[in-house]
Amino acid sequence: MQSISEKTNKITLEKEYGSFIDGEFVKSSNGFIDAINPANGELLAKISRGNKEDVDLAVKAANVAFQTWSALSIEERASYLHKVADALEENTDRLSMIECLDTGRPVYEFGLDYDIAVKQFRYFASAILLDEGTSRALPDGQLIVQKDPLGVCAQIIPWNVPMIMVSFKLAPALAAGNTIVMKPAEDASLSTLEFAKILKDILPKGVVNFVTGYGIEAGDALINHPDIHKLSFTGSVGVGRLVGKTAGERLLPVTLELGGKSPHIVFPDVNIDDAVENTTLGYCLFNGQSCILGSRLFVHDDIYDEFVAKLVARAKDVKVGDPLDPSTRVSALINEKQGKRVLSYIDIAKEESAKLLAGGNRVTVHNHEYGYFIEPTIFEATNDMRISQEEIFGPVITVMRWNDIDAVTKEANDTEYGLAAGIMTNDFKAALSTAQKLQAGSVWINQYFNFQTGAPFGGYKNSGIGREYGKEALDEYTQVKTIAANFNLPPAGFFK
Ligand code: NDP
């Protein structure tokens with residue numbers, strides 16, 4: 001088995017990456033953006049600062065490719081998706097390490113992302129074979145309900161889990177017969193561009209195109225391009241609204257996966273040590289930069305003091321440090337802006353008189369002074385405070401007491417978001433009856449982050465519109481045609 005340093009030494013990156021358009025890497029006339037390692041400030045590569053011209057080329061290529069890709073049999077498309085899954089699996093180590101360098105996330109997490117991504121391609125390779133449409137006999141004919149692809153899909157993704165995002169968007173769209181122009185996040189494009197090199201040898205040219213660059217340039221040009229047929233966006237609520245508004249004005253179908261402020265409810269009958277461990281993972285995974293973070297913790301009064309004392313002790317045990325150290329669990333946030341944003345929320349919480357129980361500081365890591373490393377941070381707070389209501393996107397959790405299930409369910413739902421929720425108890429009746437009342441797209445009982453292949457994922461309320469990850473995603477990328485056919489013309493009668 002190779003050591004981490006052996007693996008990183010083997011990573012070779014291009015000095016400059018063009019956007020991936022029509023099967024080639026095309027440099028923009030608009031110049032480049034630096035791709036920086038957020039942990040140590042090292043320049044990793046330069047990526048194309050795509051503009052309207054690049055988006056135009058990519059959309060043209062995707063429209064041409066759509067003619068042949070959409071005409072393939074579903075078996076042929078499924079076979080392509082299996083080849084993509086195999087190649088992604090073979091390249092997991094290399095791409096994971098590139099992602100680690102590009103995003104600052106701890107190396108310990110990466111098997112997780114790629115396992116999910118590979119399974120997405122395999123799942124949709126199979127799901128498309130069962131998404132057959134319907135047909136029934138009529139007294140003198142046949143009724144057919146057929147599913148057609150939409151055309152060219154414009155997809156925009158954030159930086160936190162690049163390959164999960166890429167696979168969530170590409171796999172169902174491709175399986176359904178669409179072609180793609182995707183804009184990755186400017187802070188995390190390298191693994192996607194290296195993945196493009198792999199796709200170049202597998203998929204026909206123009207089927208998948210990646211235009212890198214800024215949201216306000218490449219992203220804006222993409223969502224406003226006249227020749228796209230679908231918008232799919234994952235990111236903040238603010239930009240999501242803009243994408244939704246654009247879709248509304250242009251009457252394009254849209255999928256939005258937005259933010260979250262997810263409640264996690266702990267009942268008094270749990271094994272406290274196990275529950276504390278799962279809770280800690282629930283707010284520290286991805287350095288806390290996740291829309292599904294279990295960031296509002298409600299602990300029952302009967303165990304509150306012991307639970308919170310153990311949670312605080314565990315927070316102090318979490319290793320904050322170099323992302324390439326396998327024992328690190330929390331490492332550098334994506335950039336200075338995000339680091340300052342998290343620290344500003346810690347200040348806001350103090351101003352609101354939330355009680356700081358653990359963490360709250362930026363940590364200096366040897367040889368990584370550039371990076372924003374934030375200690376796992378716990379506040380005792382109330383649900384109406386900004387720290388409990390606004391998405392922070394860092395390793396920060398608020399804890400609150402409860403003793404009445406109806407009241408805590410109401411508080412859990414008292415948020416603009418509704419992406420995920422967690423419940424921990426051995427009382428299954430209580431768990432399920434609470435789950436039924438929670439306004440969230442995913443409810444995990446006794447394991448936060450319980451992602452099962454094929455389980456639909458998406459948000460209630462401001463957390464989004466539409467579903468990904470499960471077979472429902474195929475509906476997001478298809479339109480339905482009804483064909484009603486008679487064998488014979490009906491007897492005349494109109495003029496009688
Ligand atoms: P943003 O909304 O800022 O950006 C997301 C993507 O949109 C990026 O590629 C960005 O480009 C692009 N973008 C920004 N402005 C525009 C615009 N005017 N037109 C078109 N595209 C634009 O989110 P973040 O990158 O900051 O990601 C964090 C957010 O994403 C959090 O709020 C989080 O909750 C949410 N998220 C939701 C998930 C879900 O599944 N529900 C999963 C992961 C994150 P650029 O690269 O220039 O920033």
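Read-outs: derived from the displayed coordinates by stated rules, not from any lab. This one's a predicted model, so the numbers in the text were calculated from it and none came from an experiment. Please note: Cβ atoms are built from the backbone with ideal geometry, for glycine as well, and neighbour counts cover all protein chains shown.
Details
- Antiparallel DSSP beta bridges within the chain, percent to nearest 5: 45 percent
- Cα-derived Rg over Rh, computed across the chain with Rh taken as Kirkwood radius: 1.01
- Residues Glu257, Glu369 arranged by fewest to most Cβ contacts within 10 Å: Glu369, Glu257
- Hypothetical label at Thr68: residues of region 174-214 whose amide nitrogen lies under 17 Å (7 Å Cα-Cβ projection): 177-180, 199-209
- Least to most buried among Asp22, Asp227 (fewest other Cβ within 10 Å first): Asp227, Asp22
- The C-alpha atoms of the chain define a longest principal axis, and helix 272-284 lies at about 60 degrees to it.
- Acute angle (nearest 10 degrees) that the helix 428-437 long axis makes with the longest principal axis of the chain, alpha-carbon atoms: 60 degrees
- Relative contact order (percent, whole number), region 263-445, Cα cutoff 8 Å, 6+ residue spacing: 27 percent
- Looking at region 34-88, the pairs of alpha carbons with a distance over 16 Å make up 68% of the total.
- Hydrodynamic radius of region 244-295 per Kirkwood, over alpha carbon pairs, in Å: 13.6 Å
- Proxy reagent accessibility, fewest Cβ within 10 Å first, across Tyr417, Tyr123, Tyr460: Tyr460, Tyr123, Tyr417
- When you filter the chymotrypsin sites (Phe, Trp or Tyr not before Pro) in region 238-317 for DSSP loop state and at most 16 other Cβ atoms inside 10 Å of their Cβ, nothing is left.
- Taking 24 Å as the limit for the C-alpha separation, the pairs Lys27/Lys83; Lys410/Lys461; Lys15/Lys319; Lys310/Lys350 exceed it in the case of Lys27/Lys83; Lys15/Lys319.
- Of all aspartates and glutamates in the structure, the ones whose alpha carbon falls short of 13 Å from that of Lys481, not counting any fewer than 8 places away in one chain, are Glu132, Asp148.
- Region 263-316 versus region 79-155: alpha-carbon centroid distance in Å: 33 Å
- Links that overshoot a 18 Å alpha carbon limit, given the list Lys169/Lys471; Lys60/Lys245; Lys52/Lys183; Lys119/Lys169; Lys437/Lys471: Lys60/Lys245; Lys437/Lys471
- Gyration tensor (alpha-carbon) shape descriptor, region 323-407, a/c threshold 1.5: prolate
- Region 246-279 residues near the modelled Ala430 label - backbone nitrogen below 14 Å, point 7 Å along Cα→Cβ: 265-272
- Dividing the alpha-carbon radius of gyration of region 332-491 by the rule-of-thumb value 2.2 N^0.38 Å gives 1.46.
- Three-way shape label, region 347-393, alpha-carbon gyration tensor, a/c 1.5: prolate
- Lys, Arg +1 and Asp, Glu -1 on Cβ, resulting dipole of region 263-445 about Cα centre, debye, nearest 20: 440 debye
- The charge dipole of the chain, taken about its Cα centre with unit charges on the Cβ atoms of Lys, Arg (+1), Asp and Glu (-1) only, comes to about 1080 debye.
- Annotation note: chymotrypsin sites (Phe, Trp or Tyr not before Pro) in region 161-259 located in DSSP loop regions with a Cβ neighbour count of at most 16 within 10 Å are Tyr214.
- Part-to-part distance (alpha-carbon centres) for region 159-183 and region 449-487, which is given in Å: 14 Å
- Share, in percent, of DSSP beta bridges within region 263-445 that are antiparallel, nearest 5: 20 percent
- Mean Cα-pair separation over length for the chain, i.e. relative contact order, pairs under 8 Å, 6 or more apart, %: 18 percent
- Rounded tilt (10° steps) of 74-90 against the dominant C-alpha axis of the chain: 30 degrees
- Loop-located trypsin sites (Lys or Arg not before Pro) in region 309-341 whose Cβ has at most 16 other Cβ within 10 Å (DSSP): Lys319
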